[in-house]
Amino acid sequence: MKKCIIICSVFAVVLFLFSSGVGAGAVNEDGSSGDGLKLYKKAAYIMGSILEISVYSGEDKKAADNAIDLAFSEVGRLDMLMSNYKSNSELNRINNAVNKREPERCDDELLRVIELSAKFSRLTNGAFDITVSPLVALWGFNRGNDGDIKGYVPSKRELARVLPSISYLNIVITDAKDSNDRRRLIHFKNNFTRMDLGAIGKGYAVDRAAEVLKKAGIDSALVNFAGNIFAFGTPEGRGTWKIGLKDPVVAGNILGSFKIGDGMAVATSGNYERFFVMDGKKYTHIIDPRTGYPVRGTLSVTIIADTATTADALSTGVFVLGAEDGMKLIKSMDNVEGAIIYETYDGNIAARISDGMNKILELSETAGKIKIEN
Ligand code: AMP
Ligand code: MG
């Protein structure tokens, strides 16, 4: 009976995750709890997305519950730091203070996320860039109060006006001048530059949430924040976490699955996550900062890495780079694997899969129509 309950609830994780627009879902490989461990699972709605934490713990449900609540609080704290939607977040305070034309003191953790972002901008040759914010707004991708996006196709002129503000090189961070206030300072070289952490914030939050769980004494857990996943624990013999690879074309279809173990992160960026259709053309929310246009051709990118921050930033950056350059980048990096699903020039669907990912990926029958390349 106990086993049945665990299997059933694990199954629900898969269904729940798959149905909530997530590129991957998790199950314990053998469905068993091992050593009397039980699966505790809780979800919360934070940063406009569902954060789900699954923890394997002993009989002490209260301890597992407390640990998960601490992790939720940590993500709530980060929301106040990095949110684009909360008018009183630290990020928005900085975004709005730029008009003062004076360098602004900034929370150190936020500055570290901004500096990390710049690292990924350099790595992707500017394909990943948190200063896309004015473009995200211009194309109408920001969610309104009703949760919907408006969608707008700007003219070339409107785009040309915005483009000079788009570059991570416009962000300048300087040392604190005042010995009483050691916070560093930030300013933008262009008055219209704004930052948007939508492509890295959830991954960063997942890493911090996992740290909080570990500190609270949890040995085995999976954190899933809208498809940004980090797993730890699942020791030898007790199974691995199984992640599903979503079909970016047919909603609800799973192309295959792969298993991840201790200390592995996964993130997926998909053209189906947020988009609008105008005059028969689909415009997706991931924008090429170099041209100002939403990316075409790439359908989804799944990245496996050793931190959720890296997986999140790279899945977006590789999405912009496309199949050819994106796969080159994945292959050049240690501890990074990935799959890029894209549309070929003749309208077919193809996938580039890195060698390490190919080894662990079990394709389902429905993947048959996709041309797989290495
Ligand atoms: P993700 O789902 O992680 O790929 O993040 C997509 C979100 O990041 C979008 O909704 C935008 O807010 C933002 N974004 C769009 N294009 C880029 C880009 N090229 N670099 C960084 N962030 C981006
Ligand atoms: Mg991302």
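Worth pointing out:
- Taking segment 171-206 as the range and being within 14 Å of ligand 1 (Cβ to nearest atom) and not in a loop (DSSP other than H, G, I, E, B) as the test, the residues that pass are ILE171, GLY201, LYS202, GLY203, TYR204, ALA205, VAL206.
- Subset of segment 253-285 [touching a Phe, Trp or Tyr at 6+ places or on another chain (Cβ under 7 Å) and either more than 30 Å from ASP334 (Cβ to Cβ) or charged (D, E, K, R) (or both)]: LYS259, ASP262, ARG274, PHE275, PHE276, LYS282, TYR283
- Which listed residue, of LEU321, LEU314, is within 16 Å of ligand 2 (Cβ to nearest atom), open to solvent by 20 Å² or more (accessible area, probe 1.4 Å) and touching a residue at least 40 places away in the same chain (Cβ under 8 Å): LEU321
- Flag if VAL22 is assigned by TED's automatic domain parsing to the domain that holds SER257, surrounded by 14 or more Cβ atoms within 10 Å (Cβ to Cβ) and modelled with pLDDT under 85: yes
- Out of LYS371, LYS328, sole residue that is exposed (fewer than 15 other Cβ atoms within 10 Å of the Cβ) and in contact with a strand residue (DSSP E or B) (Cβ under 6 Å, 6 or more places away or on another chain): LYS371
- Sole residue being more than 22 Å from CYS106 (Cβ to Cβ), buried (at least 19 other Cβ atoms within 10 Å of the Cβ) and among the small types (Gly, Ala, Ser), chosen from ALA226, ALA199, ALA160: ALA226
Residue-wise test of (1) among the hydrophobic types (A, V, I, L, M, F, W, C); (2) touching a Leu at 6+ places or on another chain (Cβ under 9 Å).
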site	(1), (2)
ALA323	yes, no
ALA339	yes, yes
ASP346	no, no
ILE353	yes, yes
MET357	yes, no
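- Residues being out of contact with any Leu (no Cβ under 6 Å at 6 or more places or on another chain), closer than 30 Å to PRO164 by Cβ and within 12 Å of ligand 1 (Cβ to nearest atom) - total across segment 289-309: 9
- ARG183 meets the stated requirement of being touching a Cys at 6+ places or on another chain (Cβ under 7 Å) and away from ligand 2 (no atom under 16 Å from the Cβ).
- For segment 253-273, the set of residues classified as among the aliphatic types (A, V, I, L, M) and open to solvent by less than 30 Å² (accessible area, probe 1.4 Å) consists of LEU255, ILE260, ALA265, VAL266, ALA267, listed by residue number.
- Among residues of segment 129-146, those that are modelled with pLDDT under 95, of a type in the set (Asp, Glu) and within 8 Å of ligand 1 (Cβ to nearest atom), counted: 0
- Answer residue from segment 25-46, given it is open to solvent by 50 Å² or more (accessible area, probe 1.4 Å) and closer than 21 Å to VAL266 by Cα and is modelled with the lowest pLDDT among those: ASP30
Yes or no, residue by residue, for (1) in contact (Cβ under 8 Å) with a residue 60 or more places away in the chain; (2) open to solvent by 50 Å² or more (accessible area, probe 1.4 Å); (3) in contact with a Pro (Cβ under 9 Å, 6 or more places away or on another chain):
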site: SER167; (1), (2), (3): yes, no, yes
site: VAL172; (1), (2), (3): yes, no, yes
site: HIS187; (1), (2), (3): yes, yes, yes
site: ARG194; (1), (2), (3): yes, yes, yes
site: ALA205; (1), (2), (3): yes, no, no
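- Extreme residue, most open to solvent (accessible area, probe 1.4 Å), among residues of segment 105-148 that are within 20 Å of ARG182 (Cβ to Cβ) and assigned to a loop (DSSP other than H, G, I, E, B): ASP107
The values are calculated or read from the model by the stated rules, or taken from the named source; none is laboratory data. All figures in this text were calculated on a predicted structure; none of them were measured in a lab. Note: ideal-geometry Cβ built from the backbone for every residue, glycine included; neighbour counts use all protein chains shown. For accessibility, only protein heavy atoms count, side chains too; no ligands or nucleic acids. Shrake-Rupley method; radii C 1.70, N 1.55, O 1.52, S 1.80 Å.
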